[in-house]
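For reference, the structure discussed in these notes is given below.
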Amino acid sequence: MCRFFAWLLVLGIGLTGLRADEPPLTQARDVLALSADQAMRGRPVRVRGVVTYTNPSWAGQYFVQDETGGIFVGHSGNTPPAVGQLVEVRGKSHPGAFAPFINTPEWTVLGDAPLPTALEISMERFASGIDDGLRVEVSGRVRRAFSKSPNEWLLIISSGGHRFEATVTPARPDMPLPTTWVGSLLRLRGVLGADYQLHRRGLAMVRLFVATSDEVTVEQPEEINPYESALSPLARVGQYRRDLAPGQRTRVQGVVVARFGKDTLAIEDDSGGLIIKGGDLGSFLPGDPVEAVGFEGLEDFLPVLQDSVVVKIGEPRGLPAIIRPSVDQLLLGKFHACLVGVEADLIEISERPATDGTGKGREIIMTLQSAGKTFKADFADDGLEKAPLPFEPSSRLALTGLCLAEANAIGRVDAFRLRLDGKETVRVIRPAPWLNPDRLRVALLTTIACMILFGLWALASLRKNRRLKSEIRERKKLTAELEQAKQKLSLRVDERTEELKLQISARKESEVRFKAVIGERTRLAQELHDGLQQGLTGVALQLDTASRLRERAPDQSLHHLELARTLMRQTHADLRSSVWNLRSRSQEDFSLVEALRQSVGRFTEGTSITVKVSQTGEPLPLAELQEENLLRIGQEALTNAIKHSKSEQMEIHLDFSPGLLVLRVRDFGIGFSPAHVHGPAQGHFGLSGMAERAQRIGGSLEIHSTPGAGTLVEASLRIHHPTDAEPSS
């Protein structure tokens, strides 16, 4: 509830001020009648009423009620007036998260006044939340009672099929928690308050805020003290009993056999098993003997002891003996919540992420069959590594676990499942045969594939034989024709020899031209890969950043969209330039380290990636071809690191030393195994392209990487200092 009021404070900060041309709303009914849009305008409010409830933890917020209705007064930061004081509240309307309320309030205490008469309403009307902020009177039976703070009690009330919470302030600070109210029928007078669902501005649940315990009347005490009544066998819970009065609690004893979360136990005695639900039950462990007092109820058509108070009644004495009923007996639901042992054949194994909210481990679900009946068993595997299970489909297993019956839509038990305590509770009786269904399926698929391959080979061989026979016949025919033309060929041998020489020369010239075309196409492909793909990578990064900032920082999002447009225009210009002249720069005052810094800025602006660009040594003049290819190698290495390394820290370093230039690009990411990296055969040209560029300028490229230890790309180039050619004195 405090979070609700805090949200109302934050939501009200941006409302407009009072408008002089609007008369103030003077009745709570008028404020509550405003629509959300009307209340958002900040209509002036001046309401006179009696304070019906406040709380020290509400930061000055309270409920006030006049003759037309009750309404909530929002955050002020001041000490609120006391319950029973007559006040005049001035403020502005606010739509609230469920109902309108008075925001930015100021008030004047006019005196004391009796609390308004509580309106007696039905539980259906109470649960609807329509009387939010109004003093109401309802009755219900207490299911649980505990101290929320030294001056605040919390009661869980059940009435008419509904459950709600009632917050009660003791009449005196030293009053003990009235545990005798549990099981009693109470009549309570307090203020109805609503909890909300913010995303849809709707009702989540209702609460009752009781200003003092004097507003609580015990209409009917618990008739029978459950702690003095006879113990009930667990199997008796949920059965027909004429002696069980409405709201009467039941006392049971048993041994804990399983625990689900922090509020659910399964216990067992000689008669059977039972699910126990209560408050904090996280301290109980399997094997603990316990006594539980709670309310009998049904969940999913099966008996359960709800709102239980559970205590340990002795030292742990181990789990009860394992029951080994037949599957037909388990399907009758007689052994619900009991530890049972079952032998069954494993049909299928599946898994899913653990549902405990930790995001670790997995849940194993097994489908089993016994005596022609199919059922499921599951257990949690908390291992950090998904180790293989010691059993496989078609094996015979012996399982020990908690039997949980399952009822159908009409309440009849027709299924069950076993909840196991781990794979240690599963024992293999008969291993799966080697030729199990999975292996048989693989063998059949392999045989079919081999038959298909053999058929294709036979068909290809048949076609080849037919082609060879045809070629043989053709060759025989040609041989005969050649014999007939032998004399003519002898006379023209010199002429034919010259013609053949010319043809060979033409073919060699064609091969040279073809290789030149292939080389130019390869170079063009590298230019397009290094320019277009790197530019599009920068565009993608800026668009991703803009998408993440779209909701919380629209201005920054627009800035990154503009950067993406700029990169796209630059990429378009680079592509057009590559098509026409394949040049990478349009100015003569080119600096390799500055070009690398500009590339880093374009690729990483607005992201969390940090790239350090540095240089050592005296820069030496390089040929344009050398500068162009070194820049492209650096850009490609940076692009690969951004796309694949998952590292947010990178370094680019140029090292000029006498006769040698070394370009190093390092990341601190996940690394990879160079022996298993994809290449041109798989459609990846980045690494091969960098190596070809290094060879093109007479340099070399080395890539050092280990999985988990980052990657270092190192391009080396031998260069000649202008003074190298001068003779030494």
Yes/no for residue 268 being farther than 25 Å from residue 159 by Cβ and not assigned by TED's automatic domain parsing to the domain that holds residue 153: yes
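What do you reckon, is residue 626 in a loop (DSSP other than H, G, I, E, B) and either over 28 Å from the mean Cα position of the chain (by Cα) or at pLDDT 90 or above (or both)?
no
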In segment 83-130, the residues that are small (Gly, Ala, Ser) and within 46 Å of the chain's Cα centre (by Cα): 91, 93, 96, 97, 99, 122, 127, 128, 129
Hits in segment 84-102 (condition: assigned to a strand (DSSP E or B), in contact (Cβ under 8 Å) with a residue 60 or more places away in the chain and over 15 Å from residue 30 (Cα atoms)): none
Selected residue (criterion: surrounded by the fewest Cβ atoms within 10 Å (Cβ to Cβ)) from residues of segment 51-70 that are of a type in the set (Gly, Ala, Ser) and in contact (Cβ under 8 Å) with a residue 24 or more places away in the chain: 57
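Just for strands (runs of 3 or more DSSP E) wholly inside segment 118-199: which have at least 3 residues that are of a type in the set (Lys, Arg) and outside the structural domain of residue 72 (by TED's automatic domain parsing)? Break it down into steps so the answer makes sense when it comes.
Working: elements: 135-149, 152-159, 162-168, 185-197.
Where strands (runs of 3 or more DSSP E) fall fully within segment 118-199 and carry at least 3 residues being of a type in the set (Lys, Arg) and outside the structural domain of residue 72 (by TED's automatic domain parsing), they are 135-149.
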In segment 614-648, residue surrounded by the most Cβ atoms within 10 Å (Cβ to Cβ) [restricted to those that are touching a helix residue (DSSP H, G or I) at 6+ places or on another chain (Cβ under 9 Å) and closer than 30 Å to residue 550 by Cβ]: 635
Qualifying residue in segment 278-288 (condition: hydrophobic (A, V, I, L, M, F, W, C) and in a strand (DSSP E or B)): no
Residue ID - surrounded by the fewest Cβ atoms within 10 Å (Cβ to Cβ), chosen from residues in segment 428-483 that are within 30 Å of residue 341 (Cα to Cα) and without any contact (Cβ under 8 Å) to a residue 12 or more places away in the chain: 434
Subset of segment 174-209 (residues that are β-branched (Val, Ile, Thr), surrounded by 20 or more Cβ atoms within 10 Å (Cβ to Cβ) and out of contact with any Phe, Trp or Tyr (no Cβ under 8 Å at 6 or more places or on another chain)): 182
Segment 71-82 - residue that is among the small types (Gly, Ala, Ser) and buried (at least 19 other Cβ atoms within 10 Å of the Cβ) and, of those, farthest from the chain's Cα centre (by Cα): 76
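The values are calculated or read from the model by the stated rules, or taken from the named source; none is laboratory data. Small disclaimer: the values here were computed from a predicted structure and weren't measured. Virtual Cβ from ideal backbone geometry, glycine too; neighbours counted across all protein chains shown.
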